[in-house]
Amino acid sequence: MGILNITPDSFYAGSRVSEVAAVIKKAEAMLHEGAELLDVGGYSSRPGATDISESEELKRVVPVIEALRKEFPEPILSIDTFRSEVAQSALYAGADLINDITGGDTKMYAVAAHTKAPYVMMHMRGTPQTMNQLTQYDDLVREMIDYFHVRLEKLKQAGVKDVLIDPGFGFAKTTAQNFELLSNLDSFRILEKPLLVGLSRKSMIWRTLQTTAEHALNGTSVLNTIALLKGASILRVHDVKAAREAIALTSQLT
């Protein structure tokens, strides 16, 4: 899954695009490198990100999705949003999948059920503005599995049939907790859902290596490889070529 951030403030500057022509060019490069999904987001979810209105988010993402769908009929297009109205508008514009950082609510579940769109449910606490203050857990992995169990039941009752799980690296988790989560990633197999993992250039990498997001590609490849060995089905990345190489190599193991 290649990341297309239609934002001016995403944490990795190299992922930011705004003009439709630039998005098309970037998407084309990602698809050439082997991306099978493209994830379009108009709301930066980095810690402390600026909150924007629903109308601004719609203005950012809908024209891009329409253009991508027209230019590239085959790839899966994902809308990265926690707002049900944005999700619905994006699906009508040509998106195929909802990628929701909040784990959703009844309105979002209703949109997924009505449109029959696959739904990615992520674990987080609070909002991008508050999540860094909400990192207290008694048992991180157990509490996360409980979180998913409760919401999976709600999704089932709402009629959503196609669900993926994202453990939410970096969302309401410290660096140490992120590594604990990665170490125990295979525990989430108990949920019997495909696992989407987003580790690309995140602070758990560059802070540990005492570098920056711009210099975190090698570290990303290392952690993506570990995630694949522990059951990840989809890698959400800024750098598609490196991720495809990790997939190609780990797939040769027996």
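The values are calculated or read from the model by the stated rules, or taken from the named source; none is laboratory data. Note that the structure is a prediction, hence the values are computed from the model and not measured. As a convention, Cβ positions derive from the backbone with ideal geometry for all residues, glycine included, and neighbour counts pool all protein chains shown.
What are the residues in the range 212-225 that are buried (at least 18 other Cβ atoms within 10 Å of the Cβ) and touching a residue at least 40 places away in the same chain (Cβ under 8 Å), if any?
Selection gives ALA213, LEU223.
Find the residue count for the range 218-232, including only residues that are under 16 Å from LEU253 (Cβ atoms), assigned to a helix (DSSP H, G or I) and under 16 Å from the mean Cα position of the chain (by Cα).
3
For the range 142-155, which residues satisfy the criterion of being closer than 19 Å to ASN178 by Cα and over 19 Å from the mean Cα position of the chain (by Cα)? Spell out how you get there, then give the answer.
Filtering the range 142-155 down to residues closer than 19 Å to ASN178 by Cα leaves 142-148.
Correct list: ARG142, GLU143, ASP146.
Can you list the helices (runs of 4 or more DSSP H) found entirely within the range 57-174 that contain at least 1 residues being without any contact (Cβ under 8 Å) to a residue 12 or more places away in the chain and polar (S, T, N, Q)?
In the range 57-174, the matching helices (runs of 4 or more DSSP H) lie at 140-158.
Using the structure shown, decide if ASP100 is modelled with pLDDT under 95 and closer than 22 Å to MET144 by Cβ.
no
Pick out the one residue from LEU199, LEU249, LEU181 that is outside any loop (DSSP other than H, G, I, E, B) and within 19 Å of the chain's Cα centre (by Cα). Don't jump to the end; show me each part of the working.
Working: LEU199 fails: outside any loop (DSSP other than H, G, I, E, B); LEU249 fails: within 19 Å of the chain's Cα centre (by Cα).
Answer to the check: LEU181.
Which condition breaks for ASN132 when tested against (1) closer than 19 Å to LYS107 by Cα; (2) of a type outside the set (A, V, I, L, M); (3) surrounded by 14 or more Cβ atoms within 10 Å (Cβ to Cβ)?
(1)
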